[in-house]
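In what follows, a structure is listed as structure tokens, so that the remarks can point back to it.
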Amino acid sequence: MTAFAVPTSWIFWAQEQAVELDRGLAVRWGLWLVVGFLAVFPGIVAYMVLLERKAAARFQDRIGPNRVGPLGLLQPIADALKLLTKEDLVPRGADALVHLAAPVLVIVSAFLMLAVIPFAVGMAPVDLPSGVLYLIAASSLSPLGVFLAGWSSRNKYSLLGAMRAVAQLVSYEIPQVLSVIPIVLWGGGLSLVAIFDKQADYGWFIASPPGLLAFLILLVASIAELNRAPFDIPEAESEIVAGFHTEYSGMRFSLFFLAEYLSVFAVGCLATALFLGGGMPIPFARFPLNLLDGSLARLVVVDLILLAVFAAKVFSFVLLMIWIRATLLRLRVDRLMNFAWKYLTPLAIVNILVAGIWYECVIRPGALTLGRWLGGTLVTGPMVAGLVWLAFWVNRREWAGEAAGPGRPSLEGARPDWETPGQTGASPQRAH
Amino acid sequence: MARILFLVIAGVGLTSALSTVLSRNLVRAAVSLAGFFFTVACLFILLEAEFLAALQVLIYVGAVSILLMFGIMLTRGVQGTDLVSGPSAARLPGIVVGLVVFAVLGYAIFEEKGLRTQYSWGALDERTAIARGSKEPGSPLRSAVNNMGKVVGVELMTRYVIAFELAGLLLTAALVGAVAVAHREEDETRSTGSGVPPEKPEPTADKPNP
Amino acid sequence: MIINNYIFIGLLLLAAIAFALAPILVARLIAPRKRSRTKSEPYECGVLTLGETWVRFRIQYYIFALMFVVFDVETLFLFPWAAGYASLGLFALVEMVVFLGFLLLGLVYAWAKGVLRWV
């Protein structure tokens, strides 16, 4: 059929020069898919859940799960078996297809995020030229899944939780994305491998005033993106049962659970790769990389060091998140939205410009020296401190201006989230 | 291999486009539309425009579809009762008009003569590459295709500065416009919302309750 | 080559979908299934649901989604700028100051109009 032959030969001129899928590549991909994505990452996530339960228990002066296996180490397996034998429920009136598709979408989003993380030298599943952008695009799929979950359940708590969740997710996605831009600027490209190499030359990106601010913005925005305390209004169990996944039970619920922890892991990897120098153990040294001499044995040793350090960093990041969750209280919804739009977004925007100044001071002149680093810190440090102070000052003033007492915004005019036809009356059209 | 991929992606895209149009339920239609956006991103990747593909997913699947959903939640009649479809008498002329538009577009595309070639698009068997010389591995165009993000940035900052700044202005205008419109609506609902019920509760209950 | 990498991404996509669907299928096979009317009611803490669930929401949500789209499109310009900055000079920084100035102006306008207040 020439009708097909014509456009396809046009579209696939690019394919002509694509490298043949040789056996080595196929084996590598197979290993990544089967061992990495289907075994190791879910395993890590299962034990992260146990870690969180144990750590949260310690924070509350309890012991935590310790019955299944030694020290409770078999608990994840028991949990998985229990969830597998739970009844698979779809509520009456739900949109069954969308109800099934929503958790799948959330899982896909979490999995796709992990595909570009450079864990060690030559140990990124793929190295895309637009890696950072790809990562953000992959993570932006999950709000849609959350919304669909809440909508398709046909439950008021679900829908309300989903609407709140999506409003929160999209609000915090802006500062999250903006806080990554300084890294792209300093890394000179969107590839995560290139960013890793740049950090080997110029120190971890967190070790600069704008980098530190960007990291803090990313941390806060990520916690909000993951719906974890103190940003867990979408799942506020004292108000709206379980939010968007109220109607999910058994295996379907566990998919959301798994996706949440998979995302925590992915965000930990992201923060490590972008800000904390990947697997580098010392901030301003090329330490394990300078051992490389092209031989395979050296490469294996270096990669093992890098992997261990990477894992340690991700582990600390996850512990930090658990600590925050165990310590802080839930925010009120208006303050939550305020914080995204009135603190984080303006700060992140101006921080990009400060990052440009840092680039001119430190990275453009050439190799990193102590003098350049100090100079850059002296120039940008006060700027960053001033910015943060300004943001808090402006918001304080606003609070004081509009509230009855200082620091208390008035709740006058507060209305419910949805428009009720006929506010008084309280006459539902049909009572059961 | 590539041809099969293209056919699969195009098939999925067509299916989701059709279900966007045919779906009775607004949210389902929007989901299909998001799926269609995603297949467009896949086509971009087949054209080696991965930067565009990532932007497509970020903006359209990640942002615009959320906007659509929130827009739908603002309206009544989400459950897709037969509110949208017109009288069936209008269906036949509609189909005819659609086919005619399709035929005109198809004709125009196939008869279009490019700037570089003397032949019409439909008469050619082999397409020239979009950027000439981009097939050779080491050529500047090749590296431009591989680092599209960088190249787009440099071009935006040098050749298309004015357009870039205008785009910023346009975005601001969009923001200000949205705020202005929303602000007015807020005032209206605020003034009517407090006090006696302004409107009679509409009979939204289309579904019989068992 | 780029496209080969995306073949891996495509495989990963399929693997993720399979990974999500497989346990649901297994649960279908081994989990008990007992349907009852009460069980499939929407969960509202034991109270029967009243009225329609898919209702109209306030416009506030829509405004935030709209602002989200605007700022998302803004990042679309920021990424190539940041990626290409190494081969550009201070002039690019000044251009970005102007561009971001516009957007901050829009944000300040929304702030001043009180649209950013959630309540």
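The values are calculated or read from the model by the stated rules, or taken from the named source; none is laboratory data. All figures in this text were calculated on a predicted structure; none of them were measured in a lab. Ideal geometry is used to build each Cβ from the backbone, glycine not excepted, and the neighbour counts take in all protein chains shown.
Numbers below:
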item	result
Answer from C:Phe57, C:Phe64 - the residue that is closer than 30 Å to B:Thr75 by Cβ, at pLDDT below 75 and crowded, with 20+ Cβ neighbours inside 10 Å	C:Phe57
Of all residues making up segment B:59-68, the number that are touching a Leu at 6+ places or on another chain (Cβ under 7 Å) and within 8 Å of chain A (Cβ to nearest Cβ)	4
Qualifying residues in segment B:1-18 (those that are within 11 Å of chain A (Cβ to nearest Cβ) and assigned to a helix (DSSP H, G or I)) - the one surrounded by the fewest Cβ atoms within 10 Å (Cβ to Cβ)	B:Ile4
Segment A:246-270 residues that are under 21 Å from A:Arg92 (Cβ atoms), paired with ones that are surrounded by fewer than 21 Cβ atoms within 10 Å (Cβ to Cβ) and basic (Lys, Arg) (beta carbon under 9 Å, 6 or more apart)	A:Ser249/A:Lys86; A:Gly250/A:Lys86; A:Met251/A:Lys86; A:Met251/C:Arg28; A:Phe253/A:Lys86
Segment B:39-51, residues that are in a helix (DSSP H, G or I) and more than 9 Å from chain A (Cβ to nearest Cβ)	B:Thr39, B:Val40, B:Cys42, B:Phe44, B:Ile45
Some residue of segment A:263-274 being farther than 20 Å from A:Leu219 by Cα and of a type in the set (Val, Ile, Thr)	no
Matching residues, segment A:312-339, being away from every other protein chain (no Cβ under 14 Å), under 20 Å from A:Leu218 (Cβ atoms) and among the hydrophobic types (A, V, I, L, M, F, W, C)	A:Ala312, A:Val314, A:Phe315, A:Phe317, A:Val318, A:Leu319, A:Leu320, A:Met321, A:Ile322, A:Trp323, A:Ile324, A:Leu328
Odd one out for A:Gly277, checked against (1) surrounded by fewer than 20 Cβ atoms within 10 Å (Cβ to Cβ); (2) within 26 Å of A:Leu51 (Cβ to Cβ)	(1)
Given (1) within 28 Å of A:Phe37 (Cα to Cα); (2) without any contact (Cβ under 8 Å) to a residue 12 or more places away in the chain, index of the condition A:Gly294 fails	(1)
Subset of segment C:83-118 [at the interface with another protein chain (Cβ under 7 Å from one of its Cβ atoms), within 21 Å of A:Gly189 (Cα to Cα) and not in a helix (DSSP H, G or I)]	C:Leu88
Filter pass, C:Phe8 being modelled with pLDDT of 75 or more, within 29 Å of the chain's Cα centre (by Cα) and more than 11 Å from chain B (Cβ to nearest Cβ)	yes
A:Leu368 vs. criteria loosely packed, with under 14 Cβ neighbours inside 10 Å, closer than 22 Å to A:Phe215 by Cβ and over 29 Å from the mean Cα position of the chain (by Cα)	no
Residue that is aliphatic (A, V, I, L, M) and either touching a strand residue (DSSP E or B) at 6+ places or on another chain (Cβ under 9 Å) or closer than 21 Å to A:Val267 by Cα (or both), where the choices are A:Ile322, A:Ile357	A:Ile322
Output for segment B:61-77, where each listed residue is surrounded by fewer than 21 Cβ atoms within 10 Å (Cβ to Cβ) and either of a type in the set (Phe, Trp, Tyr) or over 20 Å from C:Val70 (Cα atoms) (or both)	B:Thr75, B:Arg76, B:Gly77
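Okay, residues lined up against (1) outside the structural domain of A:Ile117 (by TED's automatic domain parsing); (2) of a type in the set (Ser, Thr, Tyr); (3) modelled with pLDDT of 80 or more; (4) touching an Asp or Glu at 6+ places or on another chain (Cβ under 8 Å):
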| site | (1), (2), (3), (4) |
| --- | --- |
| A:Ala5 | yes, no, no, yes |
| A:Gln15 | yes, no, no, no |
| A:Leu21 | yes, no, no, no |
| A:Val45 | yes, no, yes, no |
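Here's the yes/no breakdown for (1) closer than 30 Å to A:Trp389 by Cβ; (2) surrounded by 23 or more Cβ atoms within 10 Å (Cβ to Cβ); (3) more than 10 Å from every other protein chain (Cβ to nearest Cβ):
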{"residue": "A:Arg154", "(1), (2), (3)": "no, no, no"}
{"residue": "A:Ala162", "(1), (2), (3)": "no, yes, no"}
{"residue": "A:Ala167", "(1), (2), (3)": "yes, yes, no"}
{"residue": "A:Glu173", "(1), (2), (3)": "yes, yes, no"}
{"residue": "A:Val180", "(1), (2), (3)": "yes, yes, no"}
{"residue": "A:Gly187", "(1), (2), (3)": "yes, yes, no"}
{"residue": "A:Gln199", "(1), (2), (3)": "yes, yes, yes"}
{"residue": "A:Ile206", "(1), (2), (3)": "yes, no, yes"}
{"residue": "A:Pro210", "(1), (2), (3)": "yes, yes, yes"}
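Here's the yes/no breakdown for (1) within 19 Å of A:Gly187 (Cα to Cα); (2) within 9 Å of chain B (Cβ to nearest Cβ); (3) under 23 Å from the mean Cα position of the chain (by Cα):
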{"position": "A:Leu81", "(1), (2), (3)": "no, no, no"}
{"position": "A:Leu84", "(1), (2), (3)": "no, no, no"}
{"position": "A:Asp88", "(1), (2), (3)": "no, no, no"}
{"position": "A:Val106", "(1), (2), (3)": "no, no, yes"}
{"position": "A:Phe111", "(1), (2), (3)": "no, no, yes"}
{"position": "A:Pro118", "(1), (2), (3)": "yes, no, yes"}
{"position": "A:Leu133", "(1), (2), (3)": "yes, yes, yes"}
